[in-house]
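Enquirer: Okay, here's the structure, questions in a sec.
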Amino acid sequence: AQKITQTQPGMFVQEKEAVTLDCTYDTSDPSYGLFWYKQPSSGEMIFLIYQGSYDQQNATEGRYSLNFQKARKSANLVISASQLGDSAMYFCAMRENGSGGNNRKLIWGLGTSLAVNP
Amino acid sequence: EAGVTQFPSHSVIEKGQTVTLRCDPISGHDNLYWYRRVMGKEIKFLLHFVKESKQDESGMPNNRFLAERTGGTYSTLKVQPAELEDSGVYFCASSQLGSGSHEQYFGPGTRLTVT
């Protein structure tokens, strides 16, 4: 069954340190995509990073990197050099590509609330 | 370029009343999605439009929910009659047509409270 699991309801990190937010997934589709979104207190959902199931390299976007371990079905988000503005909810999501074609719906985890301490 | 907009930002209604949520996607985005987050639960997919056609409505909770996208531009989601369990944040997202585009762009959400 399609499922995203985020086991950390809340995390704390000291400013300027790195933090890893966990995400495991379950799918029987060999082709899928994994996403991380950030939701600050203002409510908007901000796309951070994407990893395709066939991508050979781990995705990176600035201070964000995705530690993709396909055999373990994990897609952890690593935020380096945390900033106060990183305090937010972080959601992991998956899209199964099926037979290909158009965008598909996203399946979401419960989210992790990250607090960055000064 | 304007992002995805949603109206209203908040709505408080009584059980049994009707509410209509509106979403304006990014211009040129043929894919439009509705999601809902109920307090303490995962964000759940509701439905997906491609232009004006419903591609996938498997997530719609029941027939009290009606979504439309006339002309393939903005979309509305009507809840009639509203029940207490309909409370939550309703997100709309849009994306370009085609599998090469990964990102879904989200609106700020509409927080619906049914009392």
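Enquirer: So in chain B, what percent of DSSP beta bridges are antiparallel if you round to the nearest 5?
Expert: On the way: 34 of 38 bridges.
If I count the DSSP bridges inside chain B, around 90 percent turn out antiparallel.
Enquirer: For the stretch A:1-104, how big is Rg over Rh, using alpha carbon atoms and the Kirkwood form of Rh? Could the numbers behind the result be given before it?
Expert: Working: Rg = 13.9 Å, Rh = 14.3 Å.
My calculation puts Rg/Rh at 0.97.
Enquirer: Looking at the stretch A:17-69, which chymotrypsin sites (Phe, Trp or Tyr not before Pro) are DSSP coil and have at most 14 other C-beta atoms within 10 Å of their C-beta? Before the final figure, lay out the partial values.
Expert: Working: sites: A:TYR25, A:TYR32, A:PHE35, A:TRP36, A:TYR37, A:PHE47, A:TYR50, A:TYR54, A:TYR64, A:PHE68; in loops: A:TYR54.
Listed in order of number, the matching sites are A:TYR54.
Enquirer: Could you tally the net charge around A:LYS16, taking each other residue with its Cβ under 13 Å from the Cβ of A:LYS16, Lys/Arg +1 and Asp/Glu -1?
Expert: Details: positive: A:ARG63; negative: A:GLU15, A:GLU17, A:ASP86.
So the surrounding residues net to -2.
Enquirer: Using the structure shown, select from A:LYS38/A:LYS73; A:LYS73/B:LYS15; A:LYS70/B:LYS51 the pairs with a Cα to Cα distance greater than 31 angstrom. Show your work: numbers first, answer last.
Expert: Details: A:LYS38/A:LYS73 21 Å; A:LYS73/B:LYS15 42 Å; A:LYS70/B:LYS51 34 Å.
Cα-Cα > 31 Å for A:LYS73/B:LYS15; A:LYS70/B:LYS51; rest within.
Enquirer: In whole Hz, with x marking every Gly and Pro, tabulate ³J(HN,Hα) for the stretch B:13-28 from phi via Karplus 6.51 cos²θ - 1.76 cosθ + 1.60, θ = phi - 60°.
Expert: Values, residue by residue: 9, 8, 3, x, 7, 10, 9, 10, 9, 10, 9, 10, x, 5, 4, x Hz.
Enquirer: If you don't mind, another one. Under a crude label model (7 Å from the Cα following the beta-carbon direction), how far is B:SER27 from B:SER58 in nanometres?
Expert: Roughly 3.5 nm, to one decimal.
Enquirer: Tell me the label-point distance for the pair A:ALA71, B:VAL50, using the 7 Å Cα-to-Cβ offset, in nm and rounded to one decimal.
Expert: 3.7
Enquirer: Also, I was wondering about something else. Find which of A:GLY43, A:GLY33, A:LEU84 sits farthest along the positive direction of the dipole of chain A, computed with +1 on the beta-carbon of Lys and Arg, -1 on that of Asp and Glu, about the Cα centre.
Expert: Toward the positive end, the furthest listed residue is A:GLY33.
Enquirer: When the Karplus curve 6.51 cos²θ - 1.76 cosθ + 1.60 is applied with θ = phi - 60°, which whole-Hz ³J(HN,Hα) does each residue of the stretch B:64-81 get, with x for Gly and Pro?
Expert: With the stated coefficients, the stretch B:64-81 comes to 7, 9, 10, 10, 9, 8, 5, x, x, 9, 6, 10, 10, 10, 9, 10, 8, x Hz.
Enquirer: Under the rule that an exposed site lies in a DSSP loop and has at most 15 other Cβ atoms within 10 Å, name the longest stretch of chain B with no trypsin sites (Lys or Arg not before Pro) of that kind, not counting the sites themselves.
Expert: On the way: sites that count: B:LYS15, B:LYS41, B:LYS51, B:ARG64.
For trypsin sites (Lys or Arg not before Pro) (loop position, at most 15 other Cβ atoms within 10 Å), the longest site-free span of chain B is B:65-115.
Enquirer: How big is the gap, in Å, between the Cα center of the stretch A:1-75 and the Cα center of the stretch B:10-24?
Expert: Centre-to-centre (Cα) distance: 33 Å.
Enquirer: Additional query: Placing unit charges on C-beta atoms (Lys and Arg positive, Asp and Glu negative, everything else neutral), compute the dipole magnitude of chain A about its Cα centre in debye, rounded to 20.
Expert: Details: 10 positive and 10 negative charges, 47 e Å.
Approximately 220 debye in magnitude.
Enquirer: Multiplying the sequence separation of A:LYS3 and A:SER80 by 0.36 nm and subtracting their Cα-Cα distance, what value in nm do you get? Write down the numbers at each step before the final one.
Expert: On the way: separation 77, 0.36 × 77 = 27.72 nm, distance 2.68 nm.
Additional length available on full extension: 25.0 nm.
Enquirer: Counting every Cα pair in the protein assembly as shown, what percent are over 30 Å apart? Let's see the in-between values first.
Expert: On the way: 6716 of 27028 pairs.
Result for the distance tail: 25 percent.
All of the numbers you see were taken from the coordinates with simple rules; none came from a lab. These numbers were taken from a predicted model, which means no experiment stands behind them. Cβ atoms come from the backbone with ideal geometry, glycine included; neighbour counts cover every protein chain shown.
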